[in-house]
């Protein structure tokens, strides 16, 4: 028969204690790893939700822009801009200035303010410029090419160098998109102002 000694009991308890400590450590490490995985999954889901919210907001902004395209006053303003004929700064003011043709002046101001707002949204990356290009590139380009020369002169004469700056920015962005599309399609590029 085997005799159990005090030394054997202590040795066995030490071994069991070490094994329990190792098992406990492994359980803690496994739980810690699982917690990290869950945290990463949660962060990924949060990021995806934020991206989806951003896309939804961009779509809402785009639809607001899109809806305005069918406003009858906007259409009349676009028609007016497409029919502008003037020689220079003074001729523009004589024909379309607030004193001589307030209706034309306020229609152009309304359209310019609208495009200015769209330009800010594009510049701040709140609306995708390619979506704006798909919806209204022609109107933006026609507008700026019709009134841009007047505003270049207005900026010089008044020192208001910010006048329709975001329309000009929008024009540059949309014109470059359109030029690229035309090159890819083998079409000539429209001359810029």
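Calculated translational diffusion coefficient of the range 1-63 (20 °C, 1.002 mPa s; Stokes-Einstein with Kirkwood radius over alpha-carbon pairs) equals 130 µm²/s. Taking every alpha-carbon pair under 8 Å whose residues sit at least 6 apart, the range 69-184 reaches a relative contact order of 30 percent.
Taking 1.306 mPa s as the viscosity and 10 °C as the temperature, the Stokes-Einstein diffusion coefficient of the range 143-193 based on its alpha-carbon Kirkwood radius rounds to 132 µm²/s.
Counted over the range 24-124 with a bin width of 5 Å, the fraction of Cα pairs per bin, in whole percents, is 2, 10, 12, 13, 9, 8, 7, 5, 5, 5, 5, 4, 4, 3, 3, 2, 1, 0. Cα-based radius of gyration for the chain, normalised by 2.2 N^0.38 Å, reads 2.08. Going from the fewest other Cβ atoms within 10 Å to the most, the residues 183, 78 appear in the order 183, 78.
Values in this text are rule-based calculations from the coordinates and carry no lab data. What you see is a predicted model, and the numbers here were worked out from it, not measured in a lab. No Cβ is skipped: glycine too gets one built from the backbone with ideal geometry, and neighbour counts run over all protein chains shown.
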